[in-house]
1. Run D216 past the list (1) outside the structural domain of A100 (by TED's automatic domain parsing); (2) in contact (Cβ under 8 Å) with a residue 40 or more places away in the chain; (3) of a type in the set (D, E) and report the number of the one that doesn't hold.
2. Right, A154: assigned by TED's automatic domain parsing to the domain that holds D112, within 25 Å of V83 (Cα to Cα), of a type in the set (G, A, S) and at pLDDT 95 or above or not?
3. Taking A68, is it in a loop (DSSP other than H, G, I, E, B), under 19 Å from Q139 (Cβ atoms) and among the hydrophobic types (A, V, I, L, M, F, W, C)?
4. Between L113, L152, which is in contact with a Lys or Arg (Cβ under 8 Å, 6 or more places away or on another chain), of a type in the set (A, V, I, L, M, F, W, C) and in contact (Cβ under 8 Å) with a residue 60 or more places away in the chain?
5. Give me the strands (runs of 3 or more DSSP E) completely within segment 82-183, filtered to those with at least 1 residues that are closer than 25 Å to G224 by Cβ, ordered by residue number.
6. How many residues does segment 166-196 contain that are crowded, with 21+ Cβ neighbours inside 10 Å and either on the phi > 0 side of the Ramachandran plot or in contact with a Gly (Cβ under 6 Å, 6 or more places away or on another chain) (or both)?
7. Of all the residues that make up segment 217-238, how many are more than 16 Å from Y198 (Cα to Cα) and either touching a strand residue (DSSP E or B) at 6+ places or on another chain (Cβ under 9 Å) or not in a helix (DSSP H, G or I) (or both)?
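The values are calculated or read from the model by the stated rules, or taken from the named source; none is laboratory data. No experiment lies behind these values; they were computed from the predicted model shown. Methodologically, a virtual Cβ is constructed for each residue, glycine included, from the backbone with ideal geometry; neighbour enumeration extends over all protein chains shown.
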Amino acid sequence: MSWSNFRLVNVPFRHSSQGFAEAKPSLPSHLSPRVRPSSIGGIHDSVIKTIAFPRDPSINSCVHSTEAIVIRLTRLTETSLIVHWFTEEHGLLKTVAKGARRTNGKFGGQIDLFFGGEIGFARARRGELHSLREVAISQWREGLRRDYNSTLLAAYCCQLLESAVEPEHGEPALHDLLRRALDHLDAHPPTLRALFHYETELARLLGVSHHSTTADLSLRDALGTLPASRKELVERLPAR
């Protein structure tokens, strides 16, 4: 099958058992005393705290920018969301979008499934839940909401990719595959041909494709399972 602008550059997949190592702050707490009781003999501990230097504000405060696609949304609070992105430089990434569920909030109307654009985020001190600072959406992909089948296939593409990669491990070729697949589905009706082509390209990039079997079986062998929605897609989608 040949889609317009849907050919992949043959970028070798880099297997890795590690994601990006999180930067550990050199100052472990709100205040980090640079003097110790033993060095100033006799001064009370409360006095030491009053002359402690504040934490260096530059630690973990920089904003990282990257191209990103919303692949999943999770409710965090009445007003905030956890946004699951697939990014060009950092792979799978989770951010907190404070106020995103408020129409008049900072991110109101800017975050929804399959939206794409540039984001800015600040890394968390611990863990993998980072802080979303900026969003500039350039692809709304409204066509993916025109019918149930379009939404279902787009969601399957996101779920399958999410199950195949490690968090925070950049794979630009995989980001490019997802972007072009969603753009294709945004402009064309969903078909089995599109589903099979996406699976074939994903298996090839992951390095798990086999000439003697279909891509879905190769992916199932490598991943253990495929998203449950695949069965429904095979039953509902036209061949072409």
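1. (2)
2. no
3. No: the conditions fail for A68.
4. Answer to the selection: L152.
5. Where strands (runs of 3 or more DSSP E) fall fully within segment 82-183 and carry at least 1 residues being closer than 25 Å to G224 by Cβ, they are 91-97.
6. 1
7. Residues in segment 217-238 being more than 16 Å from Y198 (Cα to Cα) and either touching a strand residue (DSSP E or B) at 6+ places or on another chain (Cβ under 9 Å) or not in a helix (DSSP H, G or I) (or both): 3 in total.
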